[in-house]
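The values are calculated or read from the model by the stated rules, or taken from the named source; none is laboratory data. Not measured: the values here are computed from a predicted model. Backbone-built Cβ (ideal geometry, glycine too); neighbour counts: all protein chains shown. Heads up: the accessible areas ignore ligands, DNA and RNA and are worked out on the full protein's heavy atoms, side chains in. Shrake-Rupley method; radii C 1.70, N 1.55, O 1.52, S 1.80 Å.
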Amino acid sequence: VVVDRPDIRGRKAILEVHARGKPLAEGIDLDSLARATPGFTGADLANTINEAALLAARFGKTEIGQEELDEAVDRVIAGPERRSRVMTDEEKRITAYHEGGHALVGFALPNADPIHKVTIIPRGRAGGYTLSLPMEDRHYMRRSEMVDRLAMMLGGRAAEELIFTDPTTGASNDIEQATNLARRMVMEYGMSDRLGPMRY
């Protein structure tokens, strides 16, 4: 049975189905690819394999390598690279500090997921992104883990304020995600000390 958000075994099975008949390079480990794609739906996993195949063909390769799979995962998560998007040196500097803020906060907090990748190459609407991945699939999340996740989401904005004293609009998506998580913590999960274990 394929569920909307399959666990690691389900993700590996889906990847195996979509990889059938595609020329994977020697040494490609679908186990590690399944571990690197938590939260992916079946459609996301299919898109990942298909995108990797298209990338390999575009570069004239006869096999799908790890490089194409890594790029395909990044594309599914954040969209294609936008090398045509011209960023000034100052914008690159702001983005580097912003993403560095996310990474440092995530690295320092005991309940945050490990940092997997940090980039300042624009993708989709983002100027860069920091990717943290859980070590294993989880069905529950503790309040302490959510608080650390909130801190990591706001680490980019905090870095901008510390370094430049004048924050930018670059944190708008981070603020939106943090607001949504904080609202769910209070209104759905009953994690507010003041309001108690009630659903609002």
**Message:** Quick check on D74: is it closer than 26 Å to R125 by Cβ, assigned to a loop (DSSP other than H, G, I, E, B) and either β-branched (V, I, T) or touching a strand residue (DSSP E or B) at 6+ places or on another chain (Cβ under 9 Å) (or both)?
**Reply:** no
**Asked** Would a scan of the range 171-186 turn up a residue that is modelled with pLDDT under 95, open to solvent by 70 Å² or more (accessible area, probe 1.4 Å), over 26 Å from E81 (Cα atoms) and under 18 Å from the mean Cα position of the chain (by Cα)?
**Response** no
**Message:** Given the condition surrounded by 14 or more Cβ atoms within 10 Å (Cβ to Cβ) and modelled with pLDDT under 90, answer yes or no: does some residue in the range 92-114 qualify?
**Reply:** yes
**Message:** Based on this model, can you work out whether R11 counts as open to solvent by less than 50 Å² (accessible area, probe 1.4 Å), basic (K, R) and at pLDDT 85 or above?
**Reply:** yes
**Complete:** Going through the range 79-119 in order, the residues found to be small (G, A, S) and within 16 Å of the chain's Cα centre (by Cα) are G79, G100, G101, A103, G106, A112
**Complete:** Restricting attention to the range 155-170, the residues that are modelled with pLDDT of 95 or more and in contact with a helix residue (DSSP H, G or I) (Cβ under 6 Å, 6 or more places away or on another chain) number exactly 7
